[in-house]
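Working notes for the structure below.
The values are calculated or read from the model by the stated rules, or taken from the named source; none is laboratory data. Because the structure is predicted, anything quoted here is derived from the model rather than measured. Because the Cβ atoms are built from the backbone with ideal geometry, glycine has one as well, and the counts that use them run over all protein chains shown. These area figures cover heavy atoms from the full protein model, side chains too; ligands, DNA and RNA do not enter into them. Shrake-Rupley method; radii C 1.70, N 1.55, O 1.52, S 1.80 Å.
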Amino acid sequence: MKSELAEMALDQKHTMLDEDAPDSVPVPHALVPHLDETAILLDIDGTLLDLMPTPREVWVPPGLSETLNRLVQRTSGALALVSGRSLNDIDLIFAPDVFRAVAGHGAEMRLSVDNEADDVHAPPLDKELKRRLAAIAKLSPGILLEDKGYSLALHYRLAPHAEKAIYESVSLIRADLPNAPIEVLPGKFVCEIKHSGFTKASGVRELMKHEPFKGRRPLFIGDDVTDETVFAIMPDMDGLSFSVGRRAMGVNGHFDAPADVRMFLARLLDPKA
């Protein structure tokens, strides 16, 4: 019998589509006529970068760094990466470039690229809890464990058959620790367990209170279930949101693949687009 958690995770994957969602993305400058009034918020994996068999295999395609840095200049710095990855991981991927970011599903935030004192970090997960969760990786070869400190992710792209067993094991641990302040995030071939109380949406809300984002219209692009919290708050900010690879609920349109997102961002810089 499937556990409640396993069923919930699978249900989320089947219900995150909206048959009434727009089929295409408008011409860039019809969508964003004034970059100096816009805040650009971008997920990384599956949105800016193509998904790979393991998280460490992702790479930044030629031209993307130049596009992002030019957008930073055109928006007076109001560009941020919004990711489940840690700040350290993001910096390793985009090195030597450093960008403002909401990282770790809202657990970390970089408000300034010049002053590390402005960085925000959530407390780490309990060590014993992490030890128990980490043991789940032994269920099958191909399950990759990623310890972010404030969360723990179990990647199973190389072991898709283990999905049910992973969620059932997590469910048993949660049942044994009903008062633990944790949340389970199902994603694309990943199960992540993090502190409750923060999300990508809570991180974006906080980010938008600070310069240079304050007072601007946000444009968010994401692809995964965890990005849906941000999709949901964009109307509150008069913002726009777009999904990648699927037609998510409540978005203004969607892109077919990360390559289309990269092309769209490059066209924002082209006055003839």
Checking residue 72 against (1) in the same structural domain as residue 205 (by the TED database); (2) over 28 Å from residue 261 (Cβ atoms), only one condition comes out false. Which one? (2)
Flagged in segment 36-84 as among the polar types (S, T, N, Q) and either in a helix (DSSP H, G or I) or at negative phi (or both), in numbering order, are 38, 47, 54, 65, 67, 69, 73, 75, 83
Give the residues of segment 114-126 that are assigned to a loop (DSSP other than H, G, I, E, B) and either under 13 Å from residue 148 (Cβ atoms) or open to solvent by 60 Å² or more (accessible area, probe 1.4 Å) (or both), sorted by residue number. 114, 115, 122, 123, 124, 125, 126
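Tell me, yes or no, whether segment 177-191 has at least one residue that is within 21 Å of residue 46 (Cα to Cα) and assigned by the TED database to the domain that holds residue 42.
no
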Residues being open to solvent by 50 Å² or more (accessible area, probe 1.4 Å), touching a residue at least 60 places away in the same chain (Cβ under 8 Å) and closer than 30 Å to residue 190 by Cα - total across segment 203-225: 1
Every residue in segment 232-261 that is assigned to a helix (DSSP H, G or I) and closer than 24 Å to residue 112 by Cα, please. 233, 234, 237
Count of residues meeting criterion [in contact (Cβ under 8 Å) with a residue 24 or more places away in the chain, of a type in the set (Lys, Arg) and in a loop (DSSP other than H, G, I, E, B)] in segment 262-273: 0
Going through (1) under 21 Å from the mean Cα position of the chain (by Cα); (2) open to solvent by 60 Å² or more (accessible area, probe 1.4 Å); (3) not aromatic (Phe, Trp, Tyr) one by one, residue 178 fails only at (1)
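For (1) out of contact with any Pro (no Cβ under 6 Å at 6 or more places or on another chain); (2) open to solvent by less than 30 Å² (accessible area, probe 1.4 Å); (3) farther than 24 Å from residue 193 by Cβ, each residue gets a yes or a no:
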position	(1), (2), (3)
59	yes, no, yes
62	yes, no, yes
87	yes, yes, no
94	yes, yes, yes
107	yes, yes, no
Please give the number of the condition residue 228 fails out of (1) under 11 Å from the mean Cα position of the chain (by Cα); (2) open to solvent by less than 50 Å² (accessible area, probe 1.4 Å). (2)
Is it true that residue 82 is closer than 23 Å to residue 208 by Cα and touching a helix residue (DSSP H, G or I) at 6+ places or on another chain (Cβ under 8 Å)? yes
Given the conditions (1) basic (Lys, Arg); (2) in contact with a helix residue (DSSP H, G or I) (Cβ under 8 Å, 6 or more places away or on another chain); (3) surrounded by fewer than 20 Cβ atoms within 10 Å (Cβ to Cβ), and given that residue 247 satisfies all but one, which numbered condition is not satisfied? (2)
Regarding residue 146, is this residue among the acidic types (Asp, Glu), buried (at least 17 other Cβ atoms within 10 Å of the Cβ) and not in a strand (DSSP E or B)? no
In the list 136, 143, which residue meets the criterion of being under 14 Å from residue 190 (Cα atoms), free of Cβ contacts under 8 Å to residues at least 24 places away in the same chain and among the aliphatic types (A, V, I, L, M)? 143
Going through (1) in contact with a helix residue (DSSP H, G or I) (Cβ under 7 Å, 6 or more places away or on another chain); (2) at negative phi; (3) not aromatic (Phe, Trp, Tyr) one by one, residue 105 fails only at (2)
